[in-house]
Amino acid sequence: MYYRYLSGMHDAKVKRISSSTFADAVQVDSATIRRDLSYFGALGKRGYGYDVDNLLDFFKKILNQDHLTNVALVGLGNLGQALLRFNFHKDSNVRISAAFDIHDDMINTVQSGVPVYDVHDLQQQLKEQQIQVVIFTVPATVVQELCDKAVKGGAKGIMNFTSKRLSVPQNVRVQNVDLTNELQTLIYFIEHYEG
């Protein structure tokens, strides 16, 4: 959240920003901003605020935004196609560099500038291309088997768009994205916290 806002400020040629302006923009109180940033050292000056370029450079380093991260996408149904068309690289150093599917009409094609491989080649391609982050948009019935192949291929991070919770080794991080749950949470807050 901080990084995205600072990127926008940098693009707008803003040189410095106060904690109160920063707080209003990201909807976090200014004391929290100052406390969060103080954990990393003296990044701001009292009465001056924060140097946008220095802060952005700092966040690039801690968020590994100073180098490109290649990601594999497994499953080219509606959600997979939407993610493939989304331009991750525009706002970050993340790029979908390989896609995988089971349908013959998709395999060995290029979709949105990304080569599509047979899902049976997942493990091998992850190793060859040294891809460590994988997004799954496949049916829940097959995701664990594919996750196991991805881990054997060197995956260290999994973004799981299925309802199934994955079993992975301790050194692998899984981020579950349940759109239904997110929508239900939003509806709950709308109904119970009207302002």
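The values are calculated or read from the model by the stated rules, or taken from the named source; none is laboratory data. These numbers were taken from a predicted model, which means no experiment stands behind them. FYI the Cβ positions are ideal-geometry reconstructions off the backbone, even for glycines, and counts take in every protein chain you see.
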Check: Out of the residues in region 1-28 that are of a type in the set (S, T, N, Q) and part of a helix (DSSP H, G or I), which is nearest to residue 94 (Cα to Cα)?
Finding: 7
Note to self: Restricting to region 8-30, name every residue that is more than 12 Å from residue 51 (Cβ to Cβ) and β-branched (Val, Ile, Thr).
What the structure shows: 21, 26, 28
Next item on the list: Kindly provide the set of residues from region 102-125 that are part of a strand (DSSP E or B) and β-branched (Val, Ile, Thr), ordered by number.
Entry: 110, 114, 116
Note to self: Of the residues 144, 175, 130, only one is within 28 Å of residue 93 (Cα to Cα) and in contact with a Ser or Thr (Cβ under 8 Å, 6 or more places away or on another chain); which?
What the structure shows: 144
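Does region 122-137 include one or more residues that are in the same structural domain as residue 175 (by TED's automatic domain parsing), over 25 Å from residue 67 (Cβ atoms), under 18 Å from the mean Cα position of the chain (by Cα) and buried (at least 21 other Cβ atoms within 10 Å of the Cβ)? Can you show your working first?
Restricting attention to region 122-137, the residues satisfying the condition of being in the same structural domain as residue 175 (by TED's automatic domain parsing) are 122-137.
Now drop any that are not over 25 Å from residue 67 (Cβ atoms), which leaves 137.
Subsequent filtering for residues that are under 18 Å from the mean Cα position of the chain (by Cα) retains 137.
Within this subset, residues satisfying the condition of being buried (at least 21 other Cβ atoms within 10 Å of the Cβ) are 137.
Looking for residues that are in the same structural domain as residue 175 (by TED's automatic domain parsing), over 25 Å from residue 67 (Cβ atoms), under 18 Å from the mean Cα position of the chain (by Cα) and buried (at least 21 other Cβ atoms within 10 Å of the Cβ), one finds at least one in region 122-137, hence yes.
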Notebook entry, point to check: Of the residues in region 141-195, how many are at pLDDT below 95 and either crowded, with 17+ Cβ neighbours inside 10 Å or under 23 Å from residue 117 (Cα atoms) (or both)?
Noted result: 1
